[in-house]
Every structure is written in structure tokens, then in C-alpha cells.
Amino acid sequence: MATIAGTGTRPTAARRPQRPTNGLGQAGKYLLLILFLIVFLVPLIWVLLSAFKAAPEITRNPFGLPAVWRWENFAEAWSVGRFDRFLGNSVIYTAAIVAGVVALSTFAGYALAMLPLPGRDGLLVLFLLGLMVPFQSFMIPLYYLLRDIHLLETYWAFILPGIAFRLPFGIFLMRGFFRGLPSELGDAARVDGANEWQTFRQVILPLAAPGLAAQVIFQFVWAWREFLMPLVFVQTEALRPVSTGIMFFFGRFTAQRDLIAAGVTIAMIPMVVIYLLLQRRFIEGITAGALKS
Amino acid sequence: MTQSWQRSRAAVLFMLPALALYLVFMVWPFLQSFWFALTDWNGATATKTFVGLANFAELAGDGLFRLALRNNLVWVVVGTAAPLAIGMVLALLLWNRPKGFTLFRTIFFLPHILLTVVIGIIWSWIYNPIFGILNIWLDGIGLGQVSRGWLGDPDVALYAVLIAAIWAEVGFVFVILLAGLQNVSRDLLEAATIDGANGWQRFKDVTVPQLANVLNVVTALLLIGGFNVFDIIFVMTQGGPANATQTMATMTYDAAFTLNRVGYGSAISLVMTAISLVASVVFLRLRERGEG
């Protein structure tokens, strides 16, 4: 497995020998970088500006600043789009799924990596399979299972399968992390009479903090963006997360482009703000997660 | 009570909650898929009629499934190669942390965190025949004759959606390759330069081999994603126009939840799963052999 110990730390001057750079190459490089910057940013800025315009102005003057900054677009989109409801639901789903995955996969990863777990190799294969199969491979029977146990169209219909689906990744991430710790770590505590839970809580868990941080970020992005699972299991409008809820709002107001643009902006804002505030942790978490598991 | 017995018991208790949830909500329904696929169940009747391999036989002769499979193959090839190539270029450009590094990295990764519906709406707007900026831009550079309703044209709709997906995916590939590059030895590159290797040779023979692990992981992820793609297509075209953007995943959804053909939908989902599993395993095996 690739180790990425160097991800978070800035390379020292010694690791970064300054190559003799010619001005032309440097200019070409920045030209390319700025071109990509435009490709990634212009669509977002276009929609953001459109959100402040009246509908006809979006067509007439796509790139200009709004003649009048219509903040009221957001208020209207917020209420007709039921964003209070959808964003609130997303917070509930995301918090529950992230908490569930993080807790359960930390326990399971610890058992797999540092404790004498009976049947360990079989379990590893079982979870590896879960890492490789798509959601669709169990989506249809799961729909009917949830229906039969009366969880369909409740919050649980997304929360419980949402946790189960992301557990294999979470477990491998935490297992990989715990394997990096010395295996005799808990022994001193055990000799001192701590039971297994105390050993885990007081000795192991504090050392797992970096692994947990990567886990939280990965699971948070996944849970917030999850689409097909809530699309199928919670169709009741009042229970939808923002990822599916806004689709129906957009479908209903296609012609009112000012409202759509404001809605898109509202839907983007929570995640974008969190990302911009924590961008380094985000990127470190995502890379660590992708490469370690 | 011996201490090792205590530790084994603790291990089981630590494992149990995750295992229980996993077995009930994933393993059990996964196994049920195989049974569902052998029936013609419509989701409503109390009993499921066993039809043997009839669903799979029908699938083999289903023209729509062939079209979906072809679309998945296009998606896998282009949707893997393009993010890898673009992500690699971006990672190489930012490798030695030039001025503005954080700004560039932040923006390049940004699309990856957006909701699929948001990406879908933004790109549907870009492609819109009336006010979309793509047609406006094409007019501006004198290519007005190629402008069209990109998502409404069966010949180009798949590629139009694919470009939106690539736009959103590149940042993810880029940050992982960038992290991988941190472990590539600069000394080896210097040595190769002194030995007279040009830029492309250094990249191909020195950088890429050292990135092999990272490239394998990213490629496998993209491959699996390509065979399973659903969200962005469902949001932008729902498989249309005229089925031009159907994939195995959108067919599964339609069969099971629109047409009430639960058995047939299960069969499609299993074939899709098998193909993506086989493809990723074969890919990783080939890579191992290539390096061994």
C-alpha cells in the first residue's frame, strides 16, 4: 500500500530543489493553471451571479454583474424550495450516519487489527467484498426488506443502510490505522488492571485521532452527497435530504431561472463554506482515506 | 477466566454491532438478489415465481441492455482516461508548490464536494440551447454552426453528461496523485536528468513507476465508478433522449422501480456487479503481473 506520510507536512527546502526555471516555461505553466481555474470556477460564478438577477436578465446579460442585486431571490427560493426542511433533514442524516460509521468501524477496526478475533480472516474477506460491490447489487431486496420491517419512508430507511454501506470502507481505514500502532500498546494498561473497554477508551482511542479525522471527513462528504439511497428509500417529501429534495424543486420551477440559480446557490453554500474553512483537512482526509484503505 | 479468553470476548463484542448491521442491511439483501433474479416477481404479489435463468436469457437478447453496456464501456474508457490525464497534468504543475498553490488546489478540488443535482443543473444550463454559455461561447469564436441542444441530441448527449462528470471528478484524482507525488524521489529524477533523459522519459520511466500503487488505486476506483454510474445521468437526462444515455445502473432503477420488473432489475444489477468486479480484479492482476 502506498504510504502518504508526507501529505500533511510541507516539504522542507532540502526536498524541494529549485530547478533552474526559464521564464517562458513558467509563464506557460501559469497560463495552463489559470485556464483550468477558469474551467472550474466560471460555471460556479455564472450561477452565483445569476442568482442575483431577474430571470430575463440571466439570458440577456449572462456574464455581467446584476443591474440590481436581488437578494429576495434567495428568500423566495428558500421558502418555495423548502430548504429549511431539506437542509435540516440532511443534517440529521449526515450526523447520524457519520456518527454510526465512525463509532462502529472504529470498534470493528480495532478488533480486527489489535485483538485476537475469532474468524478474522473470513471477516476480512466478507468486508472486502462489501468494499467492491455497488449499492445496486443489494438495493432492490433491501427496498423490500425495509418495507417489510416498516422502516421504508422513515429516517431509518436512509440512516441504517447508509451506515452499513459505508462500514467496509470505514473498517479498512481504521484497521489500517490501528495496524500502524505497536501491538503491545494496551498491555501496560491491562497489567495495571484496566479492562478491555478502559484500555480502548484511555490508551488506544486518543492515539486514533488522526485516523478518526480522515474518517469523519470522508464519511461526511459521502453521507451529504448520497443520492440513490435516499432517492429510493425516502420518497416522502418531508423526509428528503437536500441531495434529492432539491431535484423535485428544480423540476417544478424549470422556467424560473432566477429561483433555480438561487436554489443551486443555497444548496451549495453549506458544504462550500465548510470546505473553504477546512480545505487543508478536507484534502488530507480524502487522500489519506483513499490511499490507506 | 484466562486473559486471552477475555480478550477474544472483547474482540467479538467490539466487532458485533458493525457485523450485525452489515449482515442485515447489506449481506442478506445481496444474497437475496440472486434469488430475486431467478424469479419474475413484480414486487406486489405475495409469492415469487421461479423462472430459472429466464431473466438472464432475456438480458442477453435485450437491445437496450446492449446499448447500456456500450454506454458503460464508453464511460469507463473516457471517464477513466480523461480524469487520469487531466489530474496528472494538474498534479505535475503543482508538484513543487508554486506561488498560488493553495488557491489552485482548493479550486480544482471544489467541484468534487458539490451535490450531484447541483452539478447536473449547472451543466444543464451550460448546455441549454437558448441561454447556455457553451453555445454563446461557440457563437463568439465563430463556431455557431455546431451549437445545439447538447442534452437533447442523442448523438452527443452521453458525451455531454460525461464531460460534466469528468469536470466533477478531476479534482479528486488530482489531489490523490498530488499526494502520491510527494513520495516520488527527486534524487532519482535529478539522476535521470544528468543521464540525459528528457522530460517525457523522466515522467514515463521514473515518476510513473514510483506512482504505481497510487495509480492502481485511482484507476480501480474510476473503473468501478464507470460501470456503476447513475447519479449524474439520472439528474441530467434520466437515460434519454431516446435511451441514448442509458447505463446498466439506470436500467436497473427503471426496471425495478418504474416498470415493477423486480426480477429483471435484480438480474441487471447482478450482471453489472459481476462486470465491475471482474474488470477491477483483472485490472489489478494485470498490473501486478506487469510489475512483477
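None of the figures in this text is laboratory data; all of them are computed from the coordinates on show. Just so it is clear, the model here is predicted, and its values are computed rather than measured. Ideal geometry is used to build each Cβ from the backbone, glycine not excepted, and the neighbour counts take in all protein chains shown.
Taking a point 7 Å from the Cα of B:Arg287 along the Cα-to-Cβ direction, the residues of the stretch B:186-226 with backbone N closer than 14 Å to it are B:208-225. When the Gaussian network model of chain A links Cα atoms closer than 10 Å, the mean-square fluctuations of A:Ala75, A:Ala113, A:Ala267 top out at A:Ala75. Between 0 and 90 degrees, the angle of helix A:156-179 with respect to the longest Cα principal axis of chain A falls at about 50 degrees. If you take all other residues with their beta carbon under 11 Å from the beta carbon of A:Val68, and give Lys and Arg +1 and Asp and Glu -1, the sum is 0. Mean partner shielding of peptide B:97-107, defined as the number of other chain Cβ atoms within 10 Å of each residue Cβ, is 4. Result for chain A in a Gaussian network model with C-alpha springs under 10 Å: among A:Leu112, A:Leu146, A:Leu129, the largest mean-square fluctuation is at A:Leu129. In the protein assembly as shown, a dipole from Cβ-located charges (positive for Lys and Arg, negative for Asp and Glu) runs towards its positive end, and of A:Gln219, B:Ile176, A:Phe233 it is B:Ile176 whose Cα lies farthest in that direction. Relative protection proxy for A:206-219, B:237-250, B:128-141, from highest mean packing down: B:237-250, A:206-219, B:128-141 (other beta-carbon atoms within 10 angstrom). Averaging the sequence gap over all C-alpha pairs within less than 8 Å and six or more residues apart, then dividing by the number of residues, gives the stretch A:178-293 a relative contact order of 29 percent. For peptide A:127-135, the mean count of partner chain Cβ atoms within 10 Å of a residue's Cβ comes to 6. Using C-alpha pairs under 8 Å with a sequence gap of at least 6, the mean separation divided by the residue count of the stretch B:62-291 gives a relative contact order of 28 percent. Within chain B, which whole H helices from DSSP have a Cα span along their axis of at least 18 Å and a mean Kyte-Doolittle hydropathy of -1.0 or more, if any? Membrane-span-like by this rule: B:3-22, B:63-93, B:157-181, B:212-228, B:262-291. Using a Förster distance of 35 angstrom, determine the FRET efficiency expected from the C-beta separation of B:Thr102 and A:Asn195, and round it to 0.05. For B:Thr102 and A:Asn195, the calculated efficiency is 0.15.
Taking the Cβ-Cβ separation of A:Ser79 and A:Tyr155 as r and a Förster radius of 25 Å, what is the calculated FRET efficiency to the nearest 0.05?
On the way: r = 23 Å, r/R0 = 0.93.
The pair A:Ser79/A:Tyr155 has a calculated efficiency of 0.60.
Given the C-alpha centroids of the stretch A:98-116 and the stretch A:39-64, what is the distance between them in whole angstrom? Answer, in whole Å: 46.
Does anyone have the angle between helix A:279-292 and the longest principal axis of chain A? Alpha-carbon axes, 0 to 90°, nearest 10? Relative to chain A, helix A:279-292 is tipped by roughly 50 degrees. Axis angle, to the nearest 10 degrees, between helix A:23-50 and the longest C-alpha principal axis of chain A: 70 degrees.
Result for chain B in a Gaussian network model with C-alpha springs under 10 Å: among B:Glu190, B:Glu169, B:Glu58, the largest mean-square fluctuation is at B:Glu190. Compactness check for chain A: Cα Rg over 2.2 N^0.38 Å is 1.25. Under the shape rule built on the C-alpha gyration tensor, where the axes satisfy a ≥ b ≥ c, the stretch B:62-291 is oblate, since a/c reaches at least 1.5 while a/b does not exceed b/c.
Work through the residues other than B:Gly79 whose Cβ is under 15 Å from its Cβ and net out their charges, Lys, Arg +1 and Asp, Glu -1. So the surrounding residues net to -1. The three principal axes of the Cα atoms in the stretch B:1-78 give end-to-end lengths of 65, 43, 19 Å, sorted in falling order. Averaging Cα coordinates gives a centre for the stretch B:11-76 and one for the stretch A:127-155; these two points are 10 Å apart. Between the alpha-carbon centres of the stretch B:231-292 and the stretch B:84-142 there is a gap of 26 Å. Mean per-residue shielding of peptide B:28-35 is 5, counting Cβ atoms of other chains within 10 Å of each Cβ.
Explain nothing, just the number: relative contact order of chain A, from Cα pairs under 8 Å at least 6 residues apart, as a whole percent.
RCO, chain A: 33 percent.
Our Cα-only numbers for the protein assembly as shown put the radius of gyration and Dmax at 25.1, 84 Å. When a/c is below 1.5 the answer is rounded, else prolate if a/b is larger than b/c, else oblate, so apply that to the stretch B:97-223 with a ≥ b ≥ c taken from the square roots of the Cα gyration tensor eigenvalues. In terms of gyration-tensor shape, prolate.
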